1. For the range 13-34, give me each residue that is farther than 17 Å from Ala48 by Cβ, among the small types (Gly, Ala, Ser) and surrounded by fewer than 14 Cβ atoms within 10 Å (Cβ to Cβ).
2. Just to be sure, is Ala231 buried (at least 16 other Cβ atoms within 10 Å of the Cβ) and not β-branched (Val, Ile, Thr)?
3. Just checking, does the range 90-109 include any residue being touching a helix residue (DSSP H, G or I) at 6+ places or on another chain (Cβ under 7 Å), small (Gly, Ala, Ser) and farther than 18 Å from Val161 by Cβ?
4. Just need a number here: residues in the range 192-228 that are surrounded by fewer than 18 Cβ atoms within 10 Å (Cβ to Cβ), in contact (Cβ under 8 Å) with a residue 24 or more places away in the chain and of a type in the set (D, E, K, R).
5. Looking at the range 26-53 only, could you name the residues that are modelled with pLDDT of 85 or more and in contact with a strand residue (DSSP E or B) (Cβ under 7 Å, 6 or more places away or on another chain)?
6. Inside the range 199-247, can you point out the residues that are over 17 Å from the mean Cα position of the chain (by Cα) and among the hydroxyl-bearing types (Ser, Thr, Tyr)?
7. Residue by residue through the range 8-55, note down the ones that are among the charged types (D, E, K, R) and under 27 Å from Ser137 (Cα atoms).
8. Given the structure, is Ala75 part of a loop (DSSP other than H, G, I, E, B) and modelled with pLDDT under 85?
Amino acid sequence: MASVAGRIEALIAARNLTAGDRLPSERQLAADFGVSRPTLREAIRQLASRGVLVSRRGGGTFVSAPEESDPVRTALLPLASLARSEAGYWRDVMEMRKPIEGETAYFAALRADDADKARLVAAYQGVVNAPADDLDSQARLDAAFHMAVCTAAHNVVLQQVMSGLLGLMEASISQSLRRLYHLPGILDELNDQHREILDAVISGKAEAARGAASRHLDFVEDRLQLIEDDAQRQRRASRAQQQIAQE
């Protein structure tokens, strides 16, 4: 049976809770999990020590915000303004993500326990069931799936680095990411790739998980490059038309 801490994490993923969202009361969680409140509090303390939750006196227990839980992401925040203004900065971020996520998926396949697998399935279902016309939710749940894989690797440093990289990626190409979800057939393709990663991790096939993660990021990188190339062509065409109109 999964640990109480693992069951809380699975609940967070299943309900798509994000930073700042409040968990049900201790009484409700203890009843739902069939455990004593001291046992539940110990699990909450464990998750708080890992930066997953934050307890506020008299206010309840909440999913941690990045600045409350992730020193690596906090350290990377000054780069966000550069990421927003520097064309092509996302390529630097992707260059780091590709080897890191391949290894993350590899270790997740070796180390994932029952709670991790439940959390992964819930995160995958969250992506699949996200409204197709809600691009913010698509991007957020996609990132949540990748973070669930990272959590399953049981490497705190990897988890913090990945959190920071995903934040920089969003800052760098938020509009391109939204355009990505508009490409014909893209959601089905991404869901199939996520499913391949999920199946490999759950079945403990480390090399297959690494390969699936690498192929997925290669695909995303190629599509993002196509989007940016198209945007550049449109800008060139627009400038040419303006110049012709002025002559």
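1. Of everything in the range 13-34, those that are farther than 17 Å from Ala48 by Cβ, among the small types (Gly, Ala, Ser) and surrounded by fewer than 14 Cβ atoms within 10 Å (Cβ to Cβ) turn out to be Ala31, Gly34.
2. No, not satisfied.
3. Taking every residue of the range 90-109 in turn, at least one turns out to be touching a helix residue (DSSP H, G or I) at 6+ places or on another chain (Cβ under 7 Å), small (Gly, Ala, Ser) and farther than 18 Å from Val161 by Cβ.
4. 7
5. Answer for the range 26-53, where residues must be modelled with pLDDT of 85 or more and in contact with a strand residue (DSSP E or B) (Cβ under 7 Å, 6 or more places away or on another chain): Ile44, Leu53.
6. Scanning the range 199-247 gives Ser203, Ser238.
7. Glu9, Arg15, Asp21, Arg22, Arg50
8. no
The values are calculated or read from the model by the stated rules, or taken from the named source; none is laboratory data. From a predicted model like this one, the values you see are computed outputs, not experimental measurements. Every residue, glycine among them, receives a Cβ derived from its backbone with ideal geometry; neighbour counts consider all protein chains shown.
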